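*Asks:* Got a structure for you, questions after.
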Amino acid sequence: LPSHPAPHICLSRLAARLDHEKVNTPSHTGHPLAGRRQVRLTDLDGMPLVVPPAGRAHRRALDRALLDAGVAWQVAAEVDGSDLLVHLTSLGLGATVVNGCVPAPAGVSAVPIRDLPAVRYWSACRHERLPLVRDLFDELSRP
């Protein structure tokens with residue numbers, strides 16, 4: 001789908017871009033990355049990471065990005081869900097990589113990763129349902 005905020009018809013479905021978020025690396029406040037303004041993927045080299053299970057889309061994207069950047073890393077823990085990734089990070093198990101819309105709890109510093117693209121969020125519905133969701137799409141599409 002094109003990356004513009006206006007809703008459009010595509011294959012008899014209506015789609016609207018909702019938002020885009022930077023990708024962050026939350027880490028415990030005592031972690032070497034905590035408190036930095038931004039990091040690069042290479043800053044994660046050699047670090048234990050809390051990651052999604054192998055085979056998940058998030059994990060595949062992370063594996064590919066780290067491989068492309070030449071980053072050597074180790075699994076500190078594998079858990080499913082951004083809330084659990086950040087929770088284990090808050091316990092000091094290691095850093096993680098999540099979308100910028102994931103809130104950082106107390107004791108966790110979320111630092112943007114400079115060399116990862118923003119994540120775009122979309123919502124879609126069937127054209128015949130448009131009257132039911134147009135106001136919602138309009139509200140969610142506002143910058």
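The values are calculated or read from the model by the stated rules, or taken from the named source; none is laboratory data. Because the structure is a prediction, the values reported are computed rather than measured. FYI the Cβ positions are ideal-geometry reconstructions off the backbone, even for glycines, and counts take in every protein chain you see. Each accessible area value is taken on the protein alone, full model and side chains, heavy atoms only, with ligands, DNA and RNA left out. Shrake-Rupley method; radii C 1.70, N 1.55, O 1.52, S 1.80 Å.
*Asks:* Of the conditions (1) closer than 28 Å to Ala124 by Cα; (2) under 13 Å from the mean Cα position of the chain (by Cα); (3) at pLDDT below 80; (4) of a type outside the set (Lys, Arg), Gly100 fails just one. Which one is it?
*Replies:* The single condition Gly100 does not satisfy is (3).
*Asks:* So, one more: Looking at the stretch 70-85, is at least one residue surrounded by fewer than 14 Cβ atoms within 10 Å (Cβ to Cβ) and touching a helix residue (DSSP H, G or I) at 6+ places or on another chain (Cβ under 8 Å)? Spell out the reasoning first.
*Replies:* Just the residues of the stretch 70-85 that are surrounded by fewer than 14 Cβ atoms within 10 Å (Cβ to Cβ), to begin with: 70, 72, 74-75, 80-81, 83.
Adding the requirement that they be touching a helix residue (DSSP H, G or I) at 6+ places or on another chain (Cβ under 8 Å) leaves 70.
The answer is yes; a qualifying residue exists.
*Asks:* Just give me the residues in the stretch 30-69 being free of Cβ contacts under 8 Å to residues at least 60 places away in the same chain and open to solvent by less than 40 Å² (accessible area, probe 1.4 Å), in sequence order.
*Replies:* Result: Leu44, Met47, Leu49, Val50, Val51, Pro52, Pro53, Arg59, Leu62, Ala65, Leu66, Ala69.
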